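The values are calculated or read from the model by the stated rules, or taken from the named source; none is laboratory data. Just so it is clear, the model here is predicted, and its values are computed rather than measured. A quick note on method: Cβ atoms are made from the backbone with ideal geometry, for glycine too, and the neighbour counts reach across all protein chains shown.
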């Protein structure tokens, strides 16, 4: 039995509480939020959970092994660092922290102490993304990854649409693709005076001809959640709006053959076209958050690394930071700092 | 009755021939193509049309008032210039020419001679685009223009996907928006060694907070032809795949109000949300090319400027050229040369 | 404050409990179910609610003013009659009872005692159906009503797909159309030996040229929930699968004009076609069940008739019964018994 | 080289002419139509084809081996019989004739003379229907066939929507299913005074639990062309509106197992659910009419039976006739006369 505390009971916290509550291996001991009125309904529904405004209560409870943090991004670093220093395992909402330096320090602290540091990139645990990762290994050379995530969404006031939405696509891409981006060019705009960007376009470059692009937008009349993943053998469409056929695999593409017969330009290729069947594989419909929390608990027990560990959280913050800097310079290319190799 | 000659009888030429043939005001006198086998079927179907491999025949026929050019881009300048110098009105396939300088010289030549120089941007004459232009004037401050034009398409060997596909979206945007872009950042990639880019992303900046983005791609598993046009009062979706409801107007968006009561930050705004009806207006289903050719003939008769005249063709080439240069520098911002003011 | 008891805590009961719990005017006092293990989670979540296996506890509690019944159809009559005889207002799951006679007796009992008898036809309280009813009054002469409700659904063992699914469409139709059907022809089939029909087609005739048709099916590979409602002025499509644009109004149809100039057949008409805009009106997204329960409580307080009262429940059972008899005779026409006029 | 004449140059005739013209094995010699103005454009486009108002010209030309008839249904019998009696092979538009007796006499005449009698059921030659027929053999016991063919369509004045549209679905069903219907119950309505039915619903019964249903409608706001074909192993959706993925095979359905352990009702079954992948097979995109005409010419040469021969044309007319009689009696069941066995 692993003792758990949750801090932050706003938009996402209730989902953490509901799922921890349902997992037999977890004992949900505390929920903490500064706005106590949010906690009102909790006591009658989950009478065995303690409620507090004081984060220290969680840190001081020796039966709390792990703390899940679902507060605004700006507070992630402080709360996660306190928890790690108190010897607690930590699950943090995405993104892991507000700056690269903060993220790096959390990773270092967790590794030094041998504690689990996980980031709540819930999409990685959906049946659709797990299937896409599995399929991506067999579609040949990957040409591009193109994601669109737009709708009339909640404008965040302390972070741009990149930190709010692109973080999802960056983490899915990081999970699905074997390669990691080396540079980014981003553009975007704010349409509300004084507020961060509500529309953004990111192009990510890699060391070969793979290219990735992400379009995120809080101000669209329709909801689109579509990713194209094209390989030399097959092409995948991941449409998260579809109720059941979220993943479609197209057996189509181009074929390349040398262009000329004899003394032609050696490098040029003739392009042919190939079309075949489309398959929509059945997907595991288990709730993603439940899978993720179960994995977190297993990692605490075994010392295994979670799917989205601190290092992947740090990689995401590096990308978000680089994209934001490029956007500020209207698309100027920014190199991505590569992952430090840990001894 | 206006005498017409068509040069180029490959992919698009037959459409020009079929439509000119059906318009009573036009007398289609010549069709010219270097590959005579293409012209074989013409004689039996349209016995009154003369067939030739020799462009001079069209230039020398004093009953030919206008020449339509549907040959590869690289030959546009030479053929159009010859036609203008022979005193013929000219309709050229898009893009008008392969370089800014060529386009500029054609515009100058036509203006000097008082001849009609039109560019075949057929989409501008569709019911959908005409309706979008009409509606765009009433949707408030325009926030962004976002176009996607992807499918498994014919790889062109002498021009990138920007020159082949983005030219459509740039000309539609030019027609629909009152503003003109001031700078561009483009990215893209070629996946066929030695060939031009088959995927590209263009961001266009304007003098205010308007931003435009175009995604063009010859290597997509599904066909998407969708444009989002968001204004402060209404938002429009133009989906060219839809058989009839191609234009949808959404009466939704955000509302802005001052954030605080008293001494708060003066510049910040509170964002609210507004949702309402969606309307799909009935569209004129007349064939776009027929409308375009009729307009071309009217302009010859009256001296009026066609919807897509030489100057708009030149503007498009400037954008294509700037985008290509930005792409070569992985997104570096390129300023758009502004239109020369004609005296 | 109106005291409420709920009997039946299987598939639908938890929705009743959750909604009654959230309505300040209701005091949910009892939940009753024979399978006590279903009630286990209730006590911790709603500690103030009493739990029992004994329906008498609800009948005997003088603070219980109303009872909601969410048990299998076969038990509706007995439980509802007991409740009415104990002086309780009653809300019953659809269909109100298993036979016309049972339904009639419940209606009579409620009317005699001046108690509210409501049927839980939840769809009538959705924004989409309320909008369709509102629009139907302005679409001219109604030509037809065509509903399809199919998917891979739960096979019921004690009732056919007509009683399980067609009851939804019949009640929506009853609510939307001013006319009432006079006869029915139904066909269908069971594909599981010994079990009731899992696919059925109902045609309903009216006193004029209006015709209605309902296709219900538990064994379809895709989910379809679409209703076409065609009038002489406008045509409506109600697609319940659409996340937001569930109702679309098409300004199209036919026009009729006398066929000939002089001595032609006087009765024949020339048919023309008319097409116009399509409008998807914004819909009220309030939860339908909450609206319905609030209305039930208001009716108890004021004596008003609920949208789906006992009489409409009885009409539905008459239709279900007639359709089942027609189906057994492979489409033989069955007249619908008309509503008894109450003094 | 087979000499061909076409009679009827209205809506469909031009398609026959264009396709016969393009087939090297056919020599299109005559086109005949009473309304000579329709033929005006023919001469310039196909100068080698003779034009006439006089059907006798085709009959008398000894180089005409086969005649294709694309005139209104009421004239099919007379023209086809004349052609057969003149020793010509015949291809007739669907339906083959206006009555069962006429159809029977044409079949008898053709068989007696050893001439090919084919019916132009073009859909049978599409890639989608050929794939569906191929797949249907492997989907297990077939439960039902459900077809919807509705849109705002041309009201025919001399035949109901059953003869105009249901004939397509009946012939596809006849081609795809191994079984043949034994009885029909049909309902429908005319909404134009004095004109035939514009909406109709047909239920077809077979000797086992297979059931088929067809909904045809000239007065619908949206275009739907969807067929569900459910088998015990797989279920197929054929959606003719889809541009490329017209056929989808769903690996899902129900599973049946004996209900109880011991002394339970022996006949009843427990229903389980099974879901799996969906596959959209690639389809042959060859033009269906061209395939059909080539097959017709091959049959003339070899004596083979065409896919849609006179007997299948006769079966369709029997179904259309029975459905029309049932409709006139508001769904009364009508037995289908079974095919006469030819010696």
Review point. Within the range C:25-40, how many residues are surrounded by fewer than 16 Cβ atoms within 10 Å (Cβ to Cβ) and under 15 Å from residue C:300 (Cα atoms)?
Key: 1
**Study point:** Some residue of the range C:88-100 being part of a helix (DSSP H, G or I) and touching a residue at least 24 places away in the same chain (Cβ under 8 Å)
**Key:** yes
Check your understanding: Can we say residue D:288 is buried (at least 19 other Cβ atoms within 10 Å of the Cβ), modelled with pLDDT of 95 or more and touching a strand residue (DSSP E or B) at 6+ places or on another chain (Cβ under 9 Å)?
Key -> no
Practice item. Go through (1) within 14 Å of another protein chain (Cβ to nearest Cβ); (2) in contact with a strand residue (DSSP E or B) (Cβ under 9 Å, 6 or more places away or on another chain); (3) crowded, with 18+ Cβ neighbours inside 10 Å one by one and return the number of the condition residue A:151 breaks. Key: (3)
**Study point:** Conditions (1) facing chain A (nearest Cβ under 9 Å); (2) buried (at least 22 other Cβ atoms within 10 Å of the Cβ); number of the one not met by residue B:247
**Key:** (1)
Study note, to complete from the structure: Scanning the range B:137-167 residue by residue, those farther than 30 Å from residue A:274 by Cβ and outside any loop (DSSP other than H, G, I, E, B) turn out to be B:142, B:143, B:144, B:145, B:146
Review point. How many residues are under 17 Å from residue A:109 (Cα atoms), within 16 Å of the chain's Cα centre (by Cα) and either assigned to a helix (DSSP H, G or I) or within 14 Å of chain B (Cβ to nearest Cβ) (or both) when one looks only at the range A:287-316?
Key: 6
Exercise for review: Check whether at least one residue in the range B:252-270 is at pLDDT below 95 and under 28 Å from residue B:127 (Cβ atoms), and report yes or no.
Suggested key: yes
Review point. Can you name the number of the only condition in (1) away from every other protein chain (no Cβ under 14 Å); (2) modelled with pLDDT of 95 or more that residue D:342 fails?
Key: (2)
**Study point:** The one condition in (1) over 30 Å from residue C:155 (Cβ atoms); (2) within 14 Å of another protein chain (Cβ to nearest Cβ) that residue C:109 fails to fulfil
**Key:** (2)
Check your understanding: Looking only at residues in the range A:231-244 that are assigned to a strand (DSSP E or B) and in contact with a helix residue (DSSP H, G or I) (Cβ under 7 Å, 6 or more places away or on another chain), which one is nearest to the other protein chains (Cβ to nearest Cβ)?
Key -> A:236
Review point. Does residue C:18 satisfy being more than 28 Å from the chain's Cα centre (by Cα) and either surrounded by fewer than 22 Cβ atoms within 10 Å (Cβ to Cβ) or closer than 30 Å to residue C:317 by Cα (or both)?
Key: no
Practice item. Search the range A:317-334 for residues being farther than 18 Å from residue A:99 by Cβ and touching a strand residue (DSSP E or B) at 6+ places or on another chain (Cβ under 8 Å), and hand back the single one that is nearest to the other protein chains (Cβ to nearest Cβ). Key: A:331
Exercise for review: Go through the residues of the range D:31-43 one by one and say whether even a single one is touching a residue at least 24 places away in the same chain (Cβ under 8 Å), touching a strand residue (DSSP E or B) at 6+ places or on another chain (Cβ under 9 Å) and farther than 24 Å from residue B:18 by Cα.
Suggested key: yes
Point to revise | Restricting the range C:22-40 to residues that are assigned to a helix (DSSP H, G or I) and out of contact with any helix residue (DSSP H, G or I) (no Cβ under 9 Å at 6 or more places or on another chain), the residue that is farthest from the other protein chains (Cβ to nearest Cβ) | key: C:36
Exercise for review: For the range C:190-209, enumerate the residues that are surrounded by fewer than 24 Cβ atoms within 10 Å (Cβ to Cβ) and either more than 9 Å from chain D (Cβ to nearest Cβ) or part of a strand (DSSP E or B) (or both).
Suggested key: C:196, C:205, C:206, C:207, C:208
Practice item. Identify the residue in the range D:210-230 that is surrounded by fewer than 21 Cβ atoms within 10 Å (Cβ to Cβ) and more than 10 Å from chain C (Cβ to nearest Cβ) and, among all such residues, is farthest from residue D:337 (Cα to Cα). Key: D:223
Review point. Do we find a residue being farther than 24 Å from residue D:228 by Cβ, in a loop (DSSP other than H, G, I, E, B) and in contact (Cβ under 8 Å) with a residue 24 or more places away in the chain anywhere in the range C:247-256?
Key: yes
Revision key, fill the gap. Of the conditions (1) within 14 Å of another protein chain (Cβ to nearest Cβ); (2) modelled with pLDDT of 95 or more; (3) surrounded by fewer than 24 Cβ atoms within 10 Å (Cβ to Cβ), the single one that residue B:185 does not satisfy is (3)
Review point. For the range B:127-148, does any single residue satisfy the condition of being more than 14 Å from chain A (Cβ to nearest Cβ) and more than 18 Å from the chain's Cα centre (by Cα)?
Key: yes
Point to revise | Residues (in contact with a strand residue (DSSP E or B) (Cβ under 9 Å, 6 or more places away or on another chain) and part of a helix (DSSP H, G or I)) located in the range D:168-189 | key: D:168, D:169, D:170, D:171, D:172, D:173, D:176
Check your understanding: When residues of the range A:41-75 are filtered for being part of a loop (DSSP other than H, G, I, E, B) and either in contact with a helix residue (DSSP H, G or I) (Cβ under 8 Å, 6 or more places away or on another chain) or surrounded by fewer than 14 Cβ atoms within 10 Å (Cβ to Cβ) (or both), how many remain?
Key -> 12
